[in-house]
1. Estimate the FRET efficiency between E107 and E142 by the formula 1/(1 + (r/R0)^6), using the beta-carbon distance for r and 45 Å for R0, to the nearest 0.05.
2. What aspartates and glutamates could a cross-link reach from K120, if we take a straight Cα to Cα line under 13 Å and drop same-chain neighbours fewer than 8 places away?
3. Please report the antiparallel percentage of DSSP beta bridges with both residues in the chain, rounded to the nearest 5.
4. D for segment 136-246, whole µm²/s, Stokes-Einstein with Kirkwood Rh over alpha-carbon pairs at 4 °C and 1.567 mPa s: what number?
5. Between H209, Q145, F175, whose Cα lies farthest towards the positive end of the dipole of segment 130-278 when Lys and Arg beta carbons carry +1 and Asp and Glu beta carbons carry -1, centred on the Cα centre?
6. State the extension gain, in nm to one decimal, for the chain segment bounded by D95 and S228, taking 0.36 nm per residue of separation less the distance between their alpha-carbons.
7. Arranged by the count of other C-beta atoms within 10 angstrom, fewest first, what order do D160, D114, D83, D76 take?
8. Per-residue ellipticity at 222 nm for the chain, helices alone: DSSP H runs ≥ 4 residues times -39500 (n - 2.57), over residue total, nearest 500 deg cm²/dmol?
Amino acid sequence: MLKHANSSSKHYQKLFDPLPDPADGTLFFDKQPLRLPYSEDFPMLHYHDRYEIGICEKGGGLFLAEGVFSSVSTGDVIFVSPDRCHYSRSLDKDDMCICRFAFVRVETVSRLLDVISNSKIDGAAAMKNAAKCVPPVIHTSEHPQAVAILTEIMNSCNLDEPNCGATAALRLAAFILEAEKYFGNTASAPVIYSTDDAVTKISEYLSLHYNSTDTVQELAAKCHLSESQLRRRFIAVYGMPPVAYRNYLRSKIAAELLLRTRLPVSEIAGRIGYAAESDFYRAFVKTYGKSPSEYRKDAGK
């Protein structure tokens, strides 16, 4: 059973990724689509000081936002609140995931929230609620109305419509006000933070390198501890040793891919780091109590 660590994020390592100042003061939009990196190309979690919205135009990818893995495929949209730690990557190096992104200034959205609600709604509270209930990847099959709204914003940015920055911010503010209607008031799973720097470093490393083959000895060397010290401190936070935690992360990613894609089980096993499919089966059963095939069947995929 995964234990919950201290909720403090004081020691959580993340990289601030600054963006160019928008020409209109509100919107930064690059018309060139972004090819999500594959494998080790982006080794650090990062965050922005703006709202990030995007749309997947081709291929399949994987997002990690605040400890939750989500797959993304053609037509899905991305919503990342300001200061939310995240990263993304392509699932297949031969079929890279291609997305477009727009970044909207928080201050503009906040002012518009006050305007369209006639100051009856606390804009800061509305933004906080949206950050809590809106998933980082919104799937067309589950939330078609929300996908349509954010897709419309992206399309207007791509067409470079007059005042598209102000229009995008206004539509985004309206979306944030309605977020609870689309997604309910259910918070995403909490991130497990730790005040133990060594454990934080290794847990973050494993989240980014879940398909690695590092031994406990190699992991311990990364944080200048002995194997026994790392095991003991890691278990104190997560209730399991580092390698078991990596298997847990792999199983969580596999469950997402089993649910959202039609990738064969053998291919999923390879993509998340297993050389032998039998090892994948054992780890998955330990996490979910059923085989990958049974999990997919029960989900109706």
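Each value in this text was obtained by applying a stated rule to the coordinates, not by laboratory testing. Remember, predicted model here, so these are calculated numbers, not experimental data. Note that we place each Cβ from the backbone using ideal geometry, even for glycine, and neighbour counts take in every protein chain shown.
1. For R0 = 45 Å, the calculated efficiency reads 0.90.
2. K120 reaches no qualifying aspartates and glutamates.
3. Roughly 95 percent of the DSSP beta bridges within the chain come out antiparallel.
4. Using the Kirkwood radius from Cα pairs, D works out to 74 µm²/s.
5. H209
6. 43.8 nm
7. D160, D83, D114, D76
8. For the chain, the value works out to -13500 deg cm²/dmol.
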